Amino acid sequence: MSLDKPVAPDRSENESTPTLQVKNLHKAYNGNEVLKGVEFAINRGQVKAILGPSGSGKSTMLRLMALLEPADDGAVFLDGLQIGTSNSKGKTIHHSEGKLAVERRDIGMVFQRFNLFPHLSALDNVALALISVQSIKRSDARETAFRLLERVGLADRASHFPSELSGGQQQRVAIARALVLKPHVMLFDEPTSALDPELVGEVLEVMEDLAASGMTMIVVTHETRFARRVANEVTLFDSGVIVEQAEPNEFFENPQHERTKRFLSHVH
Amino acid sequence: MLFDPQIFLEQLVNPAYLWGAFLSVGVAVFSLLIATVIGFFLALGRTSKKLFLVAPSHAYVWFFRALPALLVLLIMWNALPQLLPALRSDWYTPFLAASIGLGLVEAAFMAEIIRSALSSVDEGQALAGRALGLKPASVMIKVVLPQAIRTALPPTGNEFIGLIKYSSLASVISLRELLTTAQVGVNITFRYAEYYTVAIIYYLVIVTIITVVQSRVERKFLWTSKSVKRVDRTSRTSLNQLEEQK
Ligand SMILES: Nc1ncnc2c1ncn2[C@@H]1O[C@H](COP(=O)(O)OP(=O)(O)OP(=O)(O)O)[C@@H](O)[C@H]1O
Ligand SMILES: [Mg+2]
């Protein structure tokens, strides 16, 4: 399984422009404040791991970053350009679902529960976006999809349907599917939490290869070993705010915040 | 007057019955198509968050669930042409009136079948489709509908059989469908047993064919590589070629 080709498309922006950035992100459900002004940025080629207790708002933050839900306040920037909303005369305008669909194509998302399309083979799960979004010929789309399945080590499962694949295989197909439009950044929401322990390794291996190939990745995870080995930076998220951000050794060996120490004492 | 097999067999191959059966199935097919299209939009309307879409959908279902199909057919054939002169021409046939009338009534029931089928699709499916960058119509057509259709197929098959039987109501607007054909024969000959038995046979054959077709269609929705081999050989072959290429 080798990911020799770089996945991120060439971009010649200023190195200091973050690939993905959120500013002052707020979100409440029925008056219950889930995100309380999140500031987060990731540069090209970086891998950031996000840890945090259940219910702290990690999934919500990813859904807002992926433009799957509107923020109550704040903004999302991709390569320095505001996406999802625009500002006009001091007012925030939420983009239409049609425009959001276009903006989402540069962001890949991998879900905890895979969410593969059960009515399509592994190959067609990956090919769908090429056919429906880029209007690529079915045979060409399938060929591209096949190469991606090869990259996640599933060429021999191309014609299998999701119900015929193990959880680990399904998640690898889901990763291939999210890669198919060459996103600038990949978001992973606890990609291994729904897997049997013996299947976690194969998915993490694919993600590690992806990181090595230069993909920009935000990974919400409970896998502290993965975070330590692969991430450039580890973030602790709690109660809708970022508590601590540091490079992995610093984060795990010498956490600055009391909250981080308490969290780490539970997971270790 | 005993059961006369001679008369029975004569009628069994009588083209009038075949034509009657054809009309019955035709009315059922057209009204189901009409009902499915209207029902789909009613289902979308009922699940919408916008009141101007929800209210008309509810009103429609409320209205057509209350009316007897027979009354709707009588209105379609007798009352409407009085109100709309355009309907007084030749193209407005009993067949058309029956198909539309039954379709309008059936739409109220298809709306509920389609609504529950759509809501049975896991929320993560549309979410994944949207995350891929599919436009709303593509999410519906490529991701949600195929899965909803699988859920809707069995109850829709039942509705279709129901419509075959309801099409006999169209006798009141002088459509010579299957049952009317039998009744006309009876009125002339008074051979009740023979003519009704022929009708029974025809209905049994029609419903048996529907049941077989339905289970064939449902097999296409198994979503396993084995079922693909059976129904979609071409895509398999191209896939094998791909695998051999490398
Ligand atoms: N669509 C929603 N409607 C109402 N409440 C929601 C919704 N989505 C999330 N919440 C609430 O927001 C809070 C944060 O949820 P979120 O899923 O973002 O947490 P999380 O950090 O991902 O947790 P976990 O580790 O369990 O996945 C929870 O209290 C949850 O109940
Ligand atoms: Mg979560």
Long-range neighbours under 6 Å by Cβ, at least six apart or interchain, first residue facing chain B (nearest Cβ under 7 Å) within the range A:99-120, second open to solvent by 20 Å² or more (accessible area, probe 1.4 Å) and within 16 Å of ligand 1 (Cβ to nearest atom): A:Arg113/A:Ala194
Hey, A:His94 away from ligand 2 (no atom under 16 Å from the Cβ) and more than 13 Å from every other protein chain (Cβ to nearest Cβ) or not: yes
Top-ranked residue in the range A:28-73 [being of a type in the set (A, V, I, L, M), part of a loop (DSSP other than H, G, I, E, B) and within 15 Å of ligand 2 (Cβ to nearest atom); ranked as nearest to A:Thr260 (Cα to Cα)]: A:Ala66
Test: residue in the range B:94-113 that is more than 30 Å from A:Ser132 (Cα to Cα), surrounded by fewer than 17 Cβ atoms within 10 Å (Cβ to Cβ) and not small (Gly, Ala, Ser): yes
For B:Gly185: the one exception among (1) out of contact with any Lys or Arg (no Cβ under 8 Å at 6 or more places or on another chain); (2) touching a residue at least 24 places away in the same chain (Cβ under 8 Å): (1)
Residue among B:Ala170, B:Ala126, B:Ala137 that alone is open to solvent by less than 50 Å² (accessible area, probe 1.4 Å), among the hydrophobic types (A, V, I, L, M, F, W, C) and more than 26 Å from B:Pro68 (Cβ to Cβ): B:Ala126
Members of the range A:67-93 found to be in contact with a strand residue (DSSP E or B) (Cβ under 7 Å, 6 or more places away or on another chain) and within 21 Å of B:Ser138 (Cα to Cα), listed by number: A:Leu67, A:Pro70, A:Gly84
Residue count, the range A:11-27 (criterion: open to solvent by less than 10 Å² (accessible area, probe 1.4 Å) and within 16 Å of ligand 2 (Cβ to nearest atom)): 1
Unmet requirement for B:Leu23, which otherwise passes all of (1) of a type outside the set (Gly, Ala, Ser); (2) buried (at least 16 other Cβ atoms within 10 Å of the Cβ); (3) free of Cβ contacts under 8 Å to residues at least 24 places away in the same chain: (3)
Residue check for B:Arg115: assigned to a helix (DSSP H, G or I) and facing chain A (nearest Cβ under 10 Å): no
Residue match in the range B:1-15 (condition: touching a Ser or Thr at 6+ places or on another chain (Cβ under 7 Å) and modelled with pLDDT under 95): yes
Single condition A:Leu179 does not satisfy, out of (1) closer than 18 Å to B:Val143 by Cβ; (2) at pLDDT 95 or above: (1)
Candidates A:Thr260, A:Thr192, filtered to the one that is in contact with a strand residue (DSSP E or B) (Cβ under 7 Å, 6 or more places away or on another chain) and not small (Gly, Ala, Ser): A:Thr260
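Conditions (1) open to solvent by 40 Å² or more (accessible area, probe 1.4 Å); (2) of a type outside the set (S, T, N, Q); (3) free of Cβ contacts under 8 Å to residues at least 60 places away in the same chain, marked per residue:
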{"residue": "A:Ala66", "(1), (2), (3)": "no, yes, no"}
{"residue": "A:Ala75", "(1), (2), (3)": "no, yes, yes"}
{"residue": "A:Leu78", "(1), (2), (3)": "no, yes, no"}
{"residue": "A:Ile83", "(1), (2), (3)": "no, yes, yes"}
{"residue": "A:Lys91", "(1), (2), (3)": "yes, yes, yes"}
Residue that is farthest from the other protein chains (Cβ to nearest Cβ), among those in the range A:35-58 that are near ligand 1 (Cβ under 8 Å from one of its atoms) and either at positive phi or surrounded by fewer than 19 Cβ atoms within 10 Å (Cβ to Cβ) (or both): A:Pro53
Counted residues, the range B:47-69 - those being under 21 Å from the mean Cα position of the chain (by Cα) and either surrounded by fewer than 16 Cβ atoms within 10 Å (Cβ to Cβ) or assigned to a loop (DSSP other than H, G, I, E, B) (or both): 6
Residues (within 16 Å of ligand 2 (Cβ to nearest atom), surrounded by fewer than 17 Cβ atoms within 10 Å (Cβ to Cβ) and away from chain B (no Cβ under 14 Å)) located in the range A:194-227: A:His222
Residues that are more than 11 Å from every other protein chain (Cβ to nearest Cβ) and under 12 Å from A:Asn125 (Cα atoms), drawn from the range A:145-170: A:Leu148, A:Gln170
Residues of the range A:142-193 satisfying the condition of being open to solvent by 40 Å² or more (accessible area, probe 1.4 Å), touching a residue at least 12 places away in the same chain (Cβ under 8 Å) and of a type outside the set (S, T, N, Q): A:Arg151, A:Arg157, A:His160, A:Lys182
Check on B:Ser120, within 14 Å of chain A (Cβ to nearest Cβ) and touching a Ser or Thr at 6+ places or on another chain (Cβ under 7 Å): yes
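The values are calculated or read from the model by the stated rules, or taken from the named source; none is laboratory data. Please read these numbers as outputs of a predicted model, since none were measured by experiment. Cβ: placed from backbone, ideal geometry, glycine included. Neighbour counts: every protein chain shown. Surface areas here come from the heavy atoms of the whole protein model, side chains and all, with no ligands, DNA or RNA. Shrake-Rupley method; radii C 1.70, N 1.55, O 1.52, S 1.80 Å.
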